[in-house]
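The values are calculated or read from the model by the stated rules, or taken from the named source; none is laboratory data. Here the structure is a predicted model, which means the values were calculated and not measured. Here the Cβ positions follow ideal geometry from the backbone for every residue, glycine too, while neighbour counts run over all protein chains shown.
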Amino acid sequence: MMHSKQPNEVTKAWLDKRGEPINVDRAYAESDRQMGLSRRGQALLAAAGESGPVMQWFVLCIAHHAEKDVDNSLGRAGVERWFPVEKRLRNAPHAKRKVVYHVPALPGYVFVRVLNRDETWAGLLTLEGVRGVLGGALGPVPVAECKYLELKKKLEEKSTDEAVVEAAFPVGASVRIEAGPFASFPAVIDRLTDDQRAVVMVMIFGRETPVELGLAQITKSE
C-alpha cells in the first residue's frame with residue numbers, strides 16, 4: 001500500500017505559503033539587500049572589527065543625520081566606536097517641564113578604533129551612511145589617544161553639569177530668591193535655559209510674573 005510522503009518539520013520550514021520550496025539563494029540575496037550589504041561587504045565589515053596590537057582611533061565622516069544608524073551598525077559588526085553626544089534640555093511636549101535629550105556633539109563624525117589597513121576601510125565604507133575617513137595625502141590620519149580621552153572627558157563633564165542642574169532645580173520646584181530686586185520673594189521654577197539660568201514665576205502685585213535669574217540667585221525651599 002502506497003502512502004503519500006508528507007513533509008517533515010524541517011522541510012516545512014523551507015516551504016513558502018503556497019507550499020512551494022523556497023529559493024534559498026534568493027532568500028539570502030533579499031536579506032543582504034535589506035541590510036544594504038553584499039556578502040563581500042559583510043566579510044569586509046567583519047574584517048574591520050578584528051582587533052590587534054596596533055589599533056588606533058580614526059574619525060569616520062558620516063552623512064547628515066545618519067550618525068546614530070552608523071553607530072548601531074558598527075556595534076552589530078563588533079567595531080569599537082564612540083559616537084560623541086551631549087545632553088541638552090528642552091520643553092517636554094504638552095508639559096511645563098524640561099527633559100534631557102541627546103544630540104551629536106560633533107555632527108557628521110563617529111570615532112572608530114581599528115587597524116589601519118585596506119581591509120578595514122573597505123569594510124567600513126560598505127556601511128550605509130559612511131562617506132569616508134578623515135585623512136590626508138598619505139591616507140587616514142589617527143587621533144592620538146590622549147586627544148581622544150581629553151575630548152571624551154570634556155563632553156562627559158558638560159553632560160554631567162547639565163544633569164546635576166536639572167536634578168537640583170526641577171521644573172515646578174519652590175525656591176527663594178536670594179539676590180536682586182526680588183530678594184526674599186518665594187518663586188516657582190518654570191524652566192531652565194540652555195545657558196543654565198532659571199526662569200521663575202514670582203507673585204508681583206497679585207500676578208505671577210516670569211523672572212530670569214542666575215542659579216546662584218536662588219535657593220531651593222525646604
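Of all residues in the stretch 137-159, none satisfies the criterion of being over 17 Å from residue 106 (Cβ atoms) and of a type in the set (Val, Ile, Thr).
Please list, ordered by residue number, the strands (runs of 3 or more DSSP E) wholly in the stretch 137-222 having 2 or more residues that are surrounded by 13 or more Cβ atoms within 10 Å (Cβ to Cβ) and at negative phi.
174-177, 186-192, 197-204, 207-214
Just name the residue that is farthest from residue 58 (Cα to Cα) out of those in the stretch 88-118 that are modelled with pLDDT of 80 or more and out of contact with any helix residue (DSSP H, G or I) (no Cβ under 9 Å at 6 or more places or on another chain). It comes out as 103.
Number of residues in the stretch 53-67 that are within 12 Å of the chain's Cα centre (by Cα) and either within 10 Å of residue 128 (Cα to Cα) or in contact (Cβ under 8 Å) with a residue 24 or more places away in the chain (or both): the value is 2. Looking at the stretch 178-187, can you tell me whether even one residue there is over 30 Å from residue 55 (Cβ atoms), among the small types (Gly, Ala, Ser) and free of Cβ contacts under 8 Å to residues at least 12 places away in the same chain? Within the stretch 178-187, one or more residues are over 30 Å from residue 55 (Cβ atoms), among the small types (Gly, Ala, Ser) and free of Cβ contacts under 8 Å to residues at least 12 places away in the same chain.
Quick check on the stretch 67-87: of everything there that is in a strand (DSSP E or B) and surrounded by 15 or more Cβ atoms within 10 Å (Cβ to Cβ), which residue is modelled with the lowest pLDDT? Once the filter is applied, the top-ranked residue is 87.
Residue 145 - would you say it is in the same structural domain as residue 60 (by TED's automatic domain parsing), among the charged types (D, E, K, R) and at pLDDT 90 or above? Taking the combined requirement at face value, the residue satisfies it. Scanning the stretch 149-168 for residues that are at pLDDT 80 or above and among the hydrophobic types (A, V, I, L, M, F, W, C) returns 149, 151, 155.
I'd like the full set of residues that are surrounded by fewer than 15 Cβ atoms within 10 Å (Cβ to Cβ) and either over 17 Å from residue 63 (Cα atoms) or more than 23 Å from the chain's Cα centre (by Cα) (or both), limited to the stretch 127-136. Across the stretch 127-136, the qualifying residue is only 136.
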